[in-house]
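One structure below.
Computed from the coordinates by the stated procedures, all read-outs in this text should not be read as laboratory data. Given the structure is predicted, the values throughout are model-derived calculations rather than measurements. Counting neighbours? That spans all protein chains shown, and the Cβs are built from the backbone with ideal geometry, glycine included.
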Amino acid sequence: MKKSKLDLREAIVDTAIAIAERSNWEAVRLFDVAAELDITLDEIRVHFREKEDLVDAWFDRADSQMLRAAETVEFMSLPPRERLQLLTMAWLDALTAHRKVTRQMIGAKLEPGHLHIQIPAIMRVSRTVQWLREAAQRDATSVRRALEETALTTIYLATFAYWMQDDSENSQNTRDFLAHKLKYAESLDHLVYRTSHEETVADAATETQSPHEIPESLESSPLTEPVVHERHAKSG
């Protein structure tokens with residue numbers, strides 16, 4: 001029976017991955033994919049303009065699995081850091097069955113002189129990070145948003161690179177690596193923005209006090225205590 005367009009598209013990707021597992025990604029040729037599926041190259045061209053598009057389709061699957069991981073009822077009850085942990089690992093888990101081939105795909109992108117591949121790859125990373133932020137429901141704006149995107153991109157890339165060489169069971173070493181990076185990033189975020197928020201609140205409270213009113217924090221300070229006592233004595 002003839003495959004639907006979606007089924008055929010997925011079959012093309014699966015077949016290319018299977019060929020790469022038997023040899024390597026560099027050795028994959030579209031005419032070999034067509035021969036194994038008993039289709040024409042033109043039928044492949046309908047779905048993929050070139051072999052590199054198969055790599056995008058492979059990572060699209062990871063994006064999709066990551067987004068589906070955010071659809072559960074339990075997901076939104078998780079703290080923000082745990083959401084990012086779960087989503088990032090869901091993305092990587094989608095690729096785990098073919099980690100070696102994934103590593104070869106990235107290696108091919110990094111070869112010198114492949115700017116036509118590397119520039120779109122940068123956009124691909126940015127797109128995945130944006131979906132990651134959306135799924136985690138991150139709502140920072142302006143400068144904080146830009147800093148968050150930069151931090152998440154750095155953590156995502158570092159974790160991906162670590163994962164590609166990780167042979168621990170269930171990628172546990174990668175999970176620990178990611179948890180450490182996210183915890184550190186969260187600490188920095190709290191340090192910068194919670195401190196800033198507290199300073200703003202403190203400044204606003206000070207401005208609303210009477211010009212002659214001494215803040216309670218100063219009244220209890222040892223440095224101001226003699227002055228306060230002297231003032232009370234004169235008024236008596």
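Suppose the chain between Ala18 and Lys100 were pulled fully straight at 0.36 nm per residue; how much longer would it get relative to their current alpha carbon spacing? Provide the component values of the computation, followed by the final result.
Details: separation 82, 0.36 × 82 = 29.52 nm, distance 1.17 nm.
Once the chain is fully extended between Ala18 and Lys100, it gains 28.4 nm.
What shape does the stretch 1-49 take by its C-alpha gyration tensor, where a ≥ b ≥ c are the square roots of the eigenvalues and a/c under 1.5 counts as rounded, a/b above b/c as prolate, and the rest as oblate?
Prolate is the answer for the stretch 1-49, as a/c is 1.5 or above and a/b outweighs b/c.
Which Cα, out of Ser142, Gln118, Ile12, lies furthest along the positive dipole direction of the stretch 1-150 (beta carbon charges, K/R +1, D/E -1)?
Positive-end residue among those listed: Ser142.
Could you tell me which of the pairs Lys51/Lys100; Lys109/Lys183; Lys51/Lys109 are separated by over 20 angstrom between their Cα atoms in the structure shown?
Those over the limit are Lys109/Lys183.
I'd like the FRET efficiency for Ala57 and Arg194, computed as 1/(1 + (r/R0)^6) with the beta carbon distance as r and R0 of 45 Å, rounded to 0.05. Spell out each step's value before the answer.
On the way: r = 42 Å, r/R0 = 0.93.
Calculated value: 0.60.
Rg(Cα) of the stretch 51-189 divided by 2.2 N^0.38 Å?
That ratio works out to 1.04.
What's the extension gain from Val73 to His180 if we count 0.36 nm per residue and subtract their Cα-Cα distance? Could you put the intermediate results ahead of the total?
Numbers: separation 107, 0.36 × 107 = 38.52 nm, distance 2.58 nm.
35.9 nm is the gain from fully extending Val73 to His180.
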